[in-house]
Amino acid sequence: MKYNVYFISDAEEDIFSIYKYVAINDSVQKVDTLLENIEEKISNLSDMANRGHTPPELERIGIYEYREVHYKPYRIIYQIIESDVYVHCVLDGRRELEDLLQERLLR
């Protein structure tokens, strides 16, 4: 089954924040490569959306409708609704994410 992939505005803001941070603290060339790889990982969800797993922070509180895939330290949190995939977050997995995920995904 082919899925349509959409970005929620929070995910777009996450990508912009990643771009700014890496461009300032590393290089524009590295951030361009990083974002290309993240976008490729996300575009792969159109063919293989079910391959992700439930984020453990959400599973612990009984929320199972979200999935995640990883690219390096980044966690891509998404939801499948019928033939659509909604990307909610692209977050740095090195940060404490439990409160952030609950706040974002439960609004």
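Find the percent of Cα-Cα distances in the chain that exceed 20 Å, and round it to a whole number. Summing the P(r) of the chain above 20 Å gives 37 percent of all pairs.
Loop-resident trypsin sites (Lys or Arg not before Pro) (DSSP state other than H, G, I, E or B) in the range 47-90 with no more than 14 further Cβ atoms inside 10 Å of their Cβ: ARG60. Within the same chain, lysines fewer than 8 places from LYS41 are excluded, and of the rest, those with a Cα less than 16 Å from its Cα are LYS2, LYS72. Of all aspartates and glutamates in the structure, the ones whose alpha carbon falls short of 18 Å from that of LYS20, not counting any fewer than 8 places away in one chain, are ASP10, GLU12, ASP32, GLU36, GLU39, ASP92. In plain terms, the chain is cut at each of the GluC sites (Glu not before Pro) found in a DSSP loop with at most 12 other Cβ atoms within 10 Å, and the longest leftover piece is 1-64.
Over the chain, dividing the summed -39,500 (n - 2.57) contributions of all DSSP H runs of at least 4 residues by the number of residues returns a 222 nm mean residue ellipticity of -13500 deg cm²/dmol.
No lab work stands behind these numbers, since they all come straight from the coordinates. These figures come from a predicted structure and were not determined experimentally. Glycine gets a Cβ as well: all are built from the backbone with ideal geometry, and neighbour counts include every protein chain shown.
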